Amino acid sequence: MSASPSGPDRSAIVTRLRAAGCVFAEDEARMLISTARTPAGLAAMVDQRAAGQPLEHVLGWAEFCGLRIAVEPGVFIPRRRTEFLVRQAAALARQAGAQQAGAWQRVVLVDLCCGSGAVGAALAPALGRVELHAVDIDPAAVRCARRNVAAAGGRVYQGDLYEPLPAGLRGRIGILAANVPYVPTGEVGLLPPEARIHEPMVALDGGGDGLDVLRRVTAAAPLWLAPGGHLLTETSERQAPRAAEAVASGGLVPRVVHSGELNATVVIGTRPGGQTSAPACNSVPY
Ligand SMILES: C[S@@+](CC[C@H](N)C(=O)[O-])C[C@H]1O[C@@H](n2cnc3c(N)ncnc32)[C@H](O)[C@@H]1O
């Protein structure tokens, strides 16, 4: 059900959103109207949006890889550019499957620093037979992730990086997706207010050079990855060389892929010893 206001109400909403600085006021009004369940609910949502809350927190969902991902206030909103990481991971998993004499194995997929669980929720259906585990340190994120990965039968744990994962996953993970916080501490203040004010610092601040959490992830990754398994982590183009160094120092073979269209950079680290190999080209068109 939606609140469905007719002409004047709709245009009043658009005018209000535009006055509040919403560049895509028409689109936002349409989404708010179709999501609100009552006129009073719609009025409250318009107030929240006009007061500067991120659209996705007001709606209660974000679009990611064609899915509606539940996001409650205070939880990191999945970014469109992260769809590039999902595509890369899906391509690697398919390639590994193709090398198993045509037989699709059950892929062990871990979404570390999962936030809303968007990456795991989008990847799982793309991989077919999958065993999905997701971890986040933030209880609100864990609550959202549980809703979002339920369809894939995923399990979500609250805790610090690998700490809450079952020990039986050691040496078995085929795809380790880790979209960790990577904004350098000194640059957090430069983020747009919607991120700086409405998303938790633990989701954004990656320490002095932005790579503190990544270094902890890469140090333990070889212990958890299967031979030939892949770690995928998003970074900025500027940070990519140092992120690749961090991946290599953990004992993985790094490579960097970039999508100009999505302005997205992903570092892939592969544990040596498996049958899998890197794709022939270094940038997969999106
Ligand atoms: C940049 S957000 C990415 C969220 C999600 N993967 C996505 O792409 O939408 C980083 C996430 O890492 C989580 N996080 C930060 N430090 C963590 C830690 N030590 N252990 C587990 N999760 C952590 C934050 O709570 C946040 O949800």
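The values are calculated or read from the model by the stated rules, or taken from the named source; none is laboratory data. Model, not experiment: these values are computed from the prediction. In this analysis, Cβ positions are derived from the backbone assuming ideal geometry, glycine residues included, and neighbour counts consider all displayed protein chains. We work out accessible area using only protein heavy atoms, side chains counted, and drop any ligands, DNA or RNA first. Shrake-Rupley method; radii C 1.70, N 1.55, O 1.52, S 1.80 Å.
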Worksheet item: Within segment 5-19, which residues are at pLDDT 90 or above and surrounded by 12 or more Cβ atoms within 10 Å (Cβ to Cβ)?
Response: Arg10, Ser11, Ala12, Ile13, Val14, Thr15, Arg16, Leu17, Arg18
Item to complete: Given the conditions (1) near the ligand (Cβ under 9 Å from one of its atoms); (2) surrounded by fewer than 15 Cβ atoms within 10 Å (Cβ to Cβ), report the number of the one that Leu161 does not fulfil.
Response: (2)
Worksheet entry | Members of segment 32-52 found to be in a loop (DSSP other than H, G, I, E, B) and on the phi < 0 side of the Ramachandran plot, listed by number | Ala36, Arg37, Thr38, Ala51
Worksheet item: Applying the selection to segment 53-74, what residues are part of a strand (DSSP E or B) and of a type outside the set (A, V, I, L, M, F, W, C)?
Response: Glu63, Arg68
Practice prompt. Scan segment 151-176 for residues that are modelled with pLDDT of 95 or more, closer than 19 Å to Val130 by Cβ, out of contact with any His (no Cβ under 9 Å at 6 or more places or on another chain) and among the small types (Gly, Ala, Ser) and report the count.
Written response: 2
Practice prompt. Filter segment 120-131 for residues that are touching a helix residue (DSSP H, G or I) at 6+ places or on another chain (Cβ under 6 Å) and either within 13 Å of the ligand (Cβ to nearest atom) or open to solvent by 10 Å² or more (accessible area, probe 1.4 Å) (or both) and give the result.
Written response: Ala121, Ala122, Leu123, Ala126, Val130
Discussion item. Please go through segment 164-221 and give me each residue that is open to solvent by 40 Å² or more (accessible area, probe 1.4 Å), among the β-branched types (Val, Ile, Thr) and more than 12 Å from the ligand (Cβ to nearest atom), ordered by number.
Written reply: Thr185, Ile197
Item to complete: Taking the options Arg68, Arg87, Arg80, name whichever one is more than 9 Å from the ligand (Cβ to nearest atom), under 10 Å from the mean Cα position of the chain (by Cα), modelled with pLDDT of 95 or more and farther than 22 Å from Gln158 by Cα.
Response: Arg80
Worksheet item: Within the bounds of segment 43-55, is there any residue that is surrounded by fewer than 17 Cβ atoms within 10 Å (Cβ to Cβ) and among the basic types (Lys, Arg)?
Response: no
Worksheet, complete the sentence: Among Val257, Val253, the single one that is aliphatic (A, V, I, L, M), closer than 21 Å to Arg94 by Cα, surrounded by fewer than 19 Cβ atoms within 10 Å (Cβ to Cβ) and modelled with pLDDT of 95 or more is Val253
Response to the item:
When His230 is run through (1) open to solvent by less than 10 Å² (accessible area, probe 1.4 Å); (2) free of Cβ contacts under 8 Å to residues at least 60 places away in the same chain, the failure sits at (2)
